[in-house]
Amino acid sequence: MRHLPLHRPNPPARRSMRRFVCGLAAALAGFACAAQELTVAVSRTSLSLPFYVAESQKYFADEGVAVKRLDCIGGPRCLKLMLDGQVPLATAAEMSVMFSSFDRADYAIIATFVTSANDLKLLTRKSSGITSVAQLAGKRIGTVKGTGAHYFLDAALVFNGLDPQRTELVMLAPEQIGPALKDGRIDAASIWEPFAHQSMRELAADGAVIPGPRLYTLSFNLVADRKLIAERNADIVKLLRALVRAERFIRERPLQAQAMLKETLDVDQAYVDATWSDYEYRMSLDQSLVSTLEGQARWAVREGHVPRGSRIPNYLRFVDREALRKAAPDAVTLVK
């Protein structure tokens, strides 16, 4: 019996089929990678340096997690992106976490990755004649409502025997502080870095920092949606391990880390030299975080920044320790 030859695609057809199959595989692989990517809303500040280093040194990739950084101005805006469901992770100071805790509890702090006792500063113009906090009575003071800068200002006024009600608070966006000081719309300001340095640069020789004791240590935290914590804890652990490596890099290679900071934030060496010692880049979850949240919540209720009669939440429930315990066990000292 004579067998007919099997039909085989001609070479061009074979190449087309191969391209189609390869293209489909690549598309499916890309979809899988995109589905696993963690997007983090990261505030443009020196506080976020561990993220810049981890990205530059490819620590996230080394740990097996894809991380996309979404830059935003200030922790409150970053946290809002998370609360609005646009990102699953955000960087924010504990003050923003405290204010949101009166409305919802579907998120948690998973790590504090830097603290600072001098990131917040009180600024003025030399031409205003103000040289001390005691001289701020009756003055127009700019700050950002519901932030650590707002809390820091109140603490400084009270410490110096001034009733905050005896000042005229002007609530502004952080990027508006410098121009408002320069134009004389405000007499002083309470703001964080790098906006404090930028404001001083705009004021040039007329700029001045109002001296005072360091009354408040700010903690900058990684905050996660609880759904993400439940579903992708292993990836969160990998992300935290990458940040631990980044913080070790900052301590061991400060000059290289400074270069990354300058490039990312587009700041000069003068800014770095003036502020570098203000930050302690070290992972933690400790009792001081909860104590600070509780103190800020009492302040918010007392000063009417939240509805009167609001109950202060249990802030232990706003901290999830599981991932950091796996990534850096010694960093967790929080008492149950």
Open item on the list: Condition first: touching a Lys or Arg at 6+ places or on another chain (Cβ under 7 Å) and under 17 Å from Thr131 (Cβ atoms). Can you find one or more residues in the stretch 150-158 that meet it?
Closed with: no
TODO: For residues that are closer than 17 Å to Thr143 by Cβ and open to solvent by 60 Å² or more (accessible area, probe 1.4 Å), scanning just the stretch 203-219, find the one that is modelled with the lowest pLDDT.
DONE: Leu215
Open item on the list: Given the options Leu222, Leu203, Leu255, Leu215, name the one that is among the aliphatic types (A, V, I, L, M), on the phi < 0 side of the Ramachandran plot and under 18 Å from the mean Cα position of the chain (by Cα).
Closed with: Leu222
Task: Flag for Thr124 being more than 16 Å from Gln296 (Cα to Cα) and open to solvent by 10 Å² or more (accessible area, probe 1.4 Å) - done: no
TODO: Tell me which of these Gln86 doesn't satisfy, since it passes every other one: (1) closer than 26 Å to Gln198 by Cβ; (2) of a type in the set (S, T, N, Q); (3) modelled with pLDDT of 95 or more.
DONE: (1)
Task: Cβ-Cβ under 6 Å pairs, at least 6 apart or on other chains, the stretch 298-322 side free of Cβ contacts under 8 Å to residues at least 24 places away in the same chain and within 23 Å of His150 (Cα to Cα), far side of a type outside the set (Ser, Thr, Tyr) and open to solvent by less than 60 Å² (accessible area, probe 1.4 Å) - done: Ile312/Ala297
Open item on the list: Could you tell me how many of the residues in the stretch 206-227 are among the aromatic types (Phe, Trp, Tyr) and either without any contact (Cβ under 8 Å) to a residue 60 or more places away in the chain or out of contact with any Leu (no Cβ under 6 Å at 6 or more places or on another chain) (or both)?
Closed with: 1
Open item on the list: Quick test for you: out of Val97, Val87, Val114, Val65, pick the one residue that is of a type in the set (A, V, I, L, M) and without any contact (Cβ under 8 Å) to a residue 60 or more places away in the chain.
Closed with: Val87
- [ ] Inspect the stretch 283-290 for any residue being closer than 21 Å to Ser219 by Cβ and in contact with a His (Cβ under 9 Å, 6 or more places away or on another chain) and give the result as yes or no.
- [x] no
Open item on the list: For the stretch 141-194, which positions are in contact (Cβ under 8 Å) with a residue 60 or more places away in the chain, assigned to a helix (DSSP H, G or I) and surrounded by fewer than 19 Cβ atoms within 10 Å (Cβ to Cβ)?
Closed with: Pro164, Glu175
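The values are calculated or read from the model by the stated rules, or taken from the named source; none is laboratory data. What you see is a predicted model, and the numbers here were worked out from it, not measured in a lab. Cβ atoms come from the backbone with ideal geometry, glycine included; neighbour counts cover every protein chain shown. Surface areas here come from the heavy atoms of the whole protein model, side chains and all, with no ligands, DNA or RNA. Shrake-Rupley method; radii C 1.70, N 1.55, O 1.52, S 1.80 Å.
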